[in-house]
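> Mind looking over this structure? Questions follow.
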Amino acid sequence: MENPQVFATGALPGQAFARLAEAAQVACWPGPGGPPRTELAAQLARVDGLLCLLTDSIDAGLLAAAPRLRVVSSCSVGLDHVDLAAATARGIPVGHTPGVLTETTADLTLALMLAAARRIPEADGFVRSGAWVPERRWEPGMLLGRDLHGATVGLIGLGAIGQAVARRLAGFGCRVLGWTRSGRAVPGVESVALPALLAAADFVSLHIALTPETRGLLDAGRLATMKPGAILVNAARGGLVDEGALAACLANGSLAAAGLDVFADEPVAPTNPLLALDNVVVAPHIGSASIRTRERMADLAVENLLAGLARRPLPACANPEFASR
Ligand code: DGY
């Protein structure tokens with residue numbers, strides 16, 4: 001029997017692709033950037049499997065025009081770019097990559113907390129720009145930041161990544177507050193209502209999926225209730241926060257700083273007001289970007305794809321309906 005046809009919207013690191021190529025005929029979009037929708041539609045009209053990235057929008061219209069599609073596998077844990085309900089309705093299992101990126105993303109969250117609180121990019125720029133001259137010698141009031149150790153940190157979302165962040169914060173002697181929509185209890189985390197978390201936390205960190213219910217969760221009203229001088233960290237999804245309102249809070253000093261790995265629109269536009277602020281530390285969605293973790297994500301994405309092509313249960317299936325089939 002002929003090998004199944006697969007379209008990959010981008011290359012993956014490590015050896016995963018080579019394993020996939022042994023079992024399938026793989027066409028890989030060469031870039032730069034991702035395939036336009038017309039190309040995705042043309043490929044989906046002919047393939048049995050799709051390997052996609054979080055930058056590809058796989059909507060109901062595309063899935064409806066994919067008569068042979070047996071599986072969608074995204075090299076990401078988040079699936080806000082895939083219409084899961086439409087895939088389920090068409091009987092298509094959707095694979096993702098939970099677990100393997102948890103600790104790496106938690107590491108990056110702590111890095112953002114520390115970089116924002118201790119003004120690391122500003123300090124780096126100060127030295128590199130030649131501003132650190134004898135006339136501007138070391139001074140007790142120079143580049144003062146805020147402490148993470150001993151702070152009260154509010155975690156919005158206590159899934160695997162939120163819990164991994166909480167474990168790290170225990171080592172910093174932090175008081176950790178947590179809010180989840182399900183009310184999940186986690187050892188070492190005080191479960192509180194969202195308004196109480198926002199009012200009390202010196203740092204607020206987002207670890208919740210982007211869904212229609214959570215989009216804009218931190219809107220202007222909620223941002224205004226955050227503790228004065230607090231720091232916001234987001235390594236989850238940009239759409240959880242009203243970026244215009246956040247920029248206003250950071251510009252008027254009601255919030256001290258932000259550490260942002262994600263944006264509502266990616267790549268972020270150079271005109272985004274957040275980029276004009278010195279008290280914002282930014283990164284281009286690198287939460288899971290360690291060599292080892294990206295290889296593990298690629299491996300799991302390919303395992304999911306191969307399982308779906310063989311009509312076996314996916315090792316990490318996002319549609320609850322198909323998870324154990
Ligand atoms: C994901 O996997 O959803 C992250 O945002 C990137 O690793």
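The values are calculated or read from the model by the stated rules, or taken from the named source; none is laboratory data. Just so it is clear, the structure is predicted and the values come from calculations on it, not from any experiment. Positions of Cβ are generated from backbone atoms using ideal geometry, with glycine treated the same way; all protein chains shown enter the neighbour counts. Side chains included, ligands, DNA and RNA excluded: accessible areas come from the protein's heavy atoms. Shrake-Rupley method; radii C 1.70, N 1.55, O 1.52, S 1.80 Å.
> Pairs needed: first member in region 27-46, in the same structural domain as residue 17 (by TED's automatic domain parsing) and open to solvent by less than 40 Å² (accessible area, probe 1.4 Å); second member anywhere, among the polar types (S, T, N, Q) and modelled with pLDDT of 95 or more; C-beta distance under 8 Å; at least 6 residues apart or different chains.
27/5; 27/43; 35/9; 35/43; 40/9
> Kindly indicate whether any position in region 61-72 is outside the structural domain of residue 162 (by TED's automatic domain parsing), open to solvent by 40 Å² or more (accessible area, probe 1.4 Å) and within 16 Å of the ligand (Cβ to nearest atom).
There is no residue in region 61-72 that is outside the structural domain of residue 162 (by TED's automatic domain parsing), open to solvent by 40 Å² or more (accessible area, probe 1.4 Å) and within 16 Å of the ligand (Cβ to nearest atom).
> Separate question: What are the residues in region 304-315 that are within 16 Å of the ligand (Cβ to nearest atom) and surrounded by fewer than 20 Cβ atoms within 10 Å (Cβ to Cβ), if any?
315
> While we're here: Under the condition of being acidic (Asp, Glu), surrounded by fewer than 21 Cβ atoms within 10 Å (Cβ to Cβ) and closer than 19 Å to residue 215 by Cβ, which residue from region 244-291 is nearest to the ligand (Cβ to nearest atom)?
Top of the filtered list is 266.
> Shifting gears a bit: In this structure, is residue 128 surrounded by fewer than 14 Cβ atoms within 10 Å (Cβ to Cβ) and of a type in the set (Lys, Arg)?
yes
> Sticking with this one: Could you tell me whether region 110-126 includes any residue that is within 16 Å of the ligand (Cβ to nearest atom), in contact (Cβ under 8 Å) with a residue 40 or more places away in the chain and touching a His at 6+ places or on another chain (Cβ under 9 Å)?
No: region 110-126 contains no residue that is within 16 Å of the ligand (Cβ to nearest atom), in contact (Cβ under 8 Å) with a residue 40 or more places away in the chain and touching a His at 6+ places or on another chain (Cβ under 9 Å).
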